[in-house]
1. How large is Rg over Rh for region 184-281, taking Rg from the Cα atoms and Rh as the Kirkwood inverse mean of 1/r across Cα pairs?
2. Are there any trypsin sites (Lys or Arg not before Pro) in region 127-184 that are in a DSSP loop and have at most 13 other Cβ atoms within 10 Å? List them by number.
3. Which residues in region 248-284 have a backbone N closer than 17 Å to a point placed 7 Å from the Cα of Glu226 along the Cα-to-Cβ line?
4. Could you compute Rg(Cα) / (2.2 N^0.38 Å) for the chain, with N its residue count?
5. With each pseudo-label sitting 7 Å past Cα toward Cβ, what's the Arg235-Leu120 distance in nm, one decimal?
6. D for region 72-178, whole µm²/s, Stokes-Einstein with Kirkwood Rh over alpha-carbon pairs at 20 °C and 1.002 mPa s: what number?
7. Mind pulling the angle between the C-alpha long axis of helix 23-32 and the longest principal axis of the chain? Nearest 10 degrees, somewhere in 0 to 90.
8. Would you mind listing how long region 232-276 runs along its three principal axes, going by Cα atoms, in whole Å with the largest first?
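Any read-out appearing in this document is the output of simple, stated calculations on the displayed coordinates, not a laboratory observation. All values derive from a computational prediction rather than experimental measurement. All Cβ positions, even for glycine, are placed from backbone atoms using ideal geometry, and neighbour counts span all protein chains on display.
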Amino acid sequence: MHLRNRSQAVRDRDIKVYRPRSLNGLLRLYSLDPDALLYAGGTAIALRAAAGRERPFRLPPRLIMLGNVPELGRITRTPRHLDIGAGVTLGRALSTGRNVLPAVLAQAIASVGTPPVRNLGTIGGNLCAGREDGGAVPSALAVLDGQVELRSAAGARWVRAWLAEPRRGEVLTRVRIPMEEWQAQGFRRLASGLTLAAAARLGRGALETLHFCLAGSDFGLLRSRELEDSLKNARLPLAPRARQGFLRELEERLTIPGLGSYARATAVRLAGWFLDRLDEAGPG
Ligand SMILES: Cc1cc2nc3c(=O)[nH]c(=O)nc-3n(C[C@H](O)[C@H](O)[C@H](O)COP(=O)(O)OP(=O)(O)OC[C@H]3O[C@@H](n4cnc5c(N)ncnc54)[C@H](O)[C@@H]3O)c2cc1C
C-alpha cells in the first residue's frame, strides 16, 4: 500500500499502525487515508468496544496514533487565551493548568472517569468521542466560549468547542479558551450524568453576565443566550420574582420528548443551586 513509505507503519497481522511525528505528516497521511481511525488515548474507543456487541472487538484495519505529534501536546498561554493541544491528557491539563484553568473547566475535567482514565484520555478525544457520558467538558467549554481548531490538509477552521464534529479528513488540533475573569463559577455532575456548568461576572451589586449550560444524555447540551440575558444586570441577591422567572423559563425549555419530569425537576434544582451561589458571591 502506498502509505507505507509515508510514515512509520507497523504491521500487526491485519492492522496497520501509523505513528506520524509532525502535524504536517499527520494531516498528509490522514488526507490519503481518511478512513483510518485516529487513536489518541484510546479510552473512549475502548469504552465503545466494551459497549458493542462485537466479541472480540476488532480494531479497524488502519490506526493513526496521535501520541508522537508534538504540536498536539502543547499548552500555551497568552494574555488573551489559553491553548491546549488536542493530545494533552486530561490529567496533564489538570496538573499543568492548575493555576490557569478556569475552575469550571478544571472541575469538569476532574469529573471524567478515574485518574487512570484521565492519564490516558485526551481533551481532543473527549470532545470527539460523543456525548454518551453527559458532556462534562463540552458544557464547561460552552460557558467559557471555548473554541477548537479543526485542521485538514486543505486548511483550518475554528468552531465552538461544544460543536466539535470533525469532518472527514479533519483533525482536532487544539482547544482555545478565552482568559476572562469570572467572579462565580459552578460545576455539578450527578450520577445520572446530568451536568450543570455555569460562570458569572458580577459588578456593583449586580449580575453583569451569566453563562449557563446544562447537559444530559437525553437532551445533549442546552445553552440559551435569551435565558441568560433574562438575568442581565439583575440586582444581587436576586429578587424572588427574577429567580422564579428564570427557573420557570428553564423548566419550559426542558420540556423535551424523552426527558422525564424527575430529570427536569433535578435540572431546575441544579440551576437553583447556582443562583444561590450567585447570591452568596454578590455583595448582598
Ligand atoms: C472507565 C471509563 C470511564 C470513562 N468516564 C468518562 C466520563 O466520566 N466522562 C467522559 O466524558 N468520558 C469518559 N470516558 C471516555 C473517555 O475516557 C474520555 O472521553 C477521554 O477523554 C477520551 O479521550 P481519548 O484520548 O482516550 O480518546 P480516543 O478513545 O483515543 O478517541 C475517541 C474518539 O475521538 C477521535 N479522536 C481522538 N482524538 C482526535 C483528534 N485530535 N481529532 C479528531 N478525532 C479525534 C477518535 O478517532 C475516536 O473516535 C470514560 C472511559 C472509560 C474507559
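1. My calculation puts Rg/Rh at 0.95.
2. Arg167, Arg168
3. In region 248-284, the label zone of Glu226 (backbone N under 17 Å from the point 7 Å along Cα→Cβ) covers 248-257.
4. Here the Cα radius of gyration is 1.10 times the empirical estimate.
5. 5.6
6. It diffuses with D of about 158 µm²/s by this estimate.
7. The angle comes out near 70 degrees.
8. Each principal axis gives a Cα extent; for region 232-276 these are 36, 15, 14 Å.
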